[in-house]
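The values are calculated or read from the model by the stated rules, or taken from the named source; none is laboratory data. Note that this is a predicted model, so its numbers are computed, not measured. Here the Cβ positions follow ideal geometry from the backbone for every residue, glycine too, while neighbour counts run over all protein chains shown. Calculation scope for accessible area: heavy atoms of the full protein, side chains included, ligands and nucleic acids excluded. Shrake-Rupley method; radii C 1.70, N 1.55, O 1.52, S 1.80 Å.
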Amino acid sequence: KQIVTVKLLTGEFKGQTTIVDNMLTNNPYYDIFLKKGDTVILHAEYEDDGNTIDYFITDIHRINFVYVLLALFSVLLIYVGRKKGFFSLFSIFATVLLILFVLVPMIINGFSPIISAFIVSVISTVITMYLVGGFNHKSTSAVFGTIGSLIFATGLSLLTIKFSRLTGFCCEETMFLYQADSTLNFKGILTASVMLATLGAVMDTSMSIASSINEFYTINPKLTPKELFLSGMNVGKDIIGTMANTLILVYF
């Protein structure tokens with residue numbers, strides 16, 4: 001074990017120091033090797049007497065480095081994409097807020113997770129497409145393409161969950177959630193998760209096809225709707241070929 005002196009940086013006992021035994025069990029899942037100057041996350045609990053507090057080191061505090069990565073990502077996105085990069089960053093921020101402050105409260109308050117996820121996905125799609133692509137036929141086409149694909153993906157995921165007899169319980173975190181609120185619709189939450197996981201790829205594909213067809217029409221306005229549609233199908237087939245690979249590799 002490591003005997004560690006820890007200074008509390010936040011909480012009720014901020015500024016105090018305490019000595020903690022950092023147990024090393026030879027199991028890499030649990031072991032945290034510390035060095036002087038590390039910032040750690042502590043778990044605190046009262047002993048049976050109600051006065052003495054025991055502290056346990058649960059993990060290294062990494063959030064500051066995460067902020068650095070987020071800042072680097074934001075700078076590069078805006079530098080490369082300029083105005084569209086900024087709007088893309090804004091749309092990401094908006095989607096995260098929608099999930100945290102719209103989707104989660106709706107599910108907690110008893111709304112259908114599937115309907116909640118669909119509403120959030122549609123709002124996110126509209127914000128993203130019109131911010132990044134502008135208010136035009138291209139963006140509108142991409143919005144309708146995304147919504148249509150999302151409905152199809154939702155139906156497919158519902159069938160998969162039904163016939164695969166999935167329960168929505170997959171890991172330790174699910175059990176924690178069940179203990180917190182056993183009335184939640186876990187199959188619905190699983191479907192909502194699939195919808196959100198699908199959303200990014202579907203938006204990417206929809207905008208890629210819509211943008212390509214818009215460029216074709218800009219270069220040659222004489223193209224008929226049928227010709228544009230067939231061109232879109234050919235572009236879509238190529239995109240789907242690589243997108244399928246992308247999704248399989250991400251989840252693999």
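Evaluate the following for ILE57: is it at pLDDT 95 or above and either open to solvent by less than 70 Å² (accessible area, probe 1.4 Å) or among the charged types (D, E, K, R) (or both)?
The answer is no for ILE57.
Residue-wise test of (1) modelled with pLDDT of 95 or more; (2) part of a helix (DSSP H, G or I).
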residue: PHE65; (1), (2): no, yes
residue: LEU98; (1), (2): yes, yes
residue: VAL102; (1), (2): yes, yes
residue: MET106; (1), (2): yes, yes
residue: PHE111; (1), (2): no, no
Residues of region 213-252 satisfying the condition of being within 27 Å of the chain's Cα centre (by Cα) and either open to solvent by 60 Å² or more (accessible area, probe 1.4 Å) or closer than 16 Å to HIS137 by Cα (or both): LYS237, ASP238, ILE240, THR242, ASN245, THR246, LEU247, ILE248, LEU249, VAL250, TYR251, PHE252
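So which residues in region 34-45 are surrounded by 12 or more Cβ atoms within 10 Å (Cβ to Cβ) and in a strand (DSSP E or B)?
Here is the first cut: in region 34-45, the residues surrounded by 12 or more Cβ atoms within 10 Å (Cβ to Cβ) are 34, 38-42, 44.
Across region 34-45, the qualifying residues are VAL40, ILE41, LEU42, ALA44.
Got a sec? Which of ASP31, ASP48 is among the acidic types (Asp, Glu) and either part of a helix (DSSP H, G or I) or open to solvent by less than 50 Å² (accessible area, probe 1.4 Å) (or both)? Give the derivation first.
Details: ASP48 fails: either part of a helix (DSSP H, G or I) or open to solvent by less than 50 Å² (accessible area, probe 1.4 Å) (or both).
Answer to the check: ASP31.
Test of understanding: among ASP31, ASP38, ASP59, ASP54, which residue is touching a Leu at 6+ places or on another chain (Cβ under 6 Å) and among the acidic types (Asp, Glu)?
Details: ASP38 fails: touching a Leu at 6+ places or on another chain (Cβ under 6 Å); ASP59 fails: touching a Leu at 6+ places or on another chain (Cβ under 6 Å); ASP54 fails: touching a Leu at 6+ places or on another chain (Cβ under 6 Å).
Selected residue: ASP31, the only one of ASP31, ASP38, ASP59, ASP54 that is touching a Leu at 6+ places or on another chain (Cβ under 6 Å) and among the acidic types (Asp, Glu).
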Subset of region 180-203 [open to solvent by 50 Å² or more (accessible area, probe 1.4 Å) and out of contact with any helix residue (DSSP H, G or I) (no Cβ under 7 Å at 6 or more places or on another chain)]: ALA180, SER182, THR183, SER193
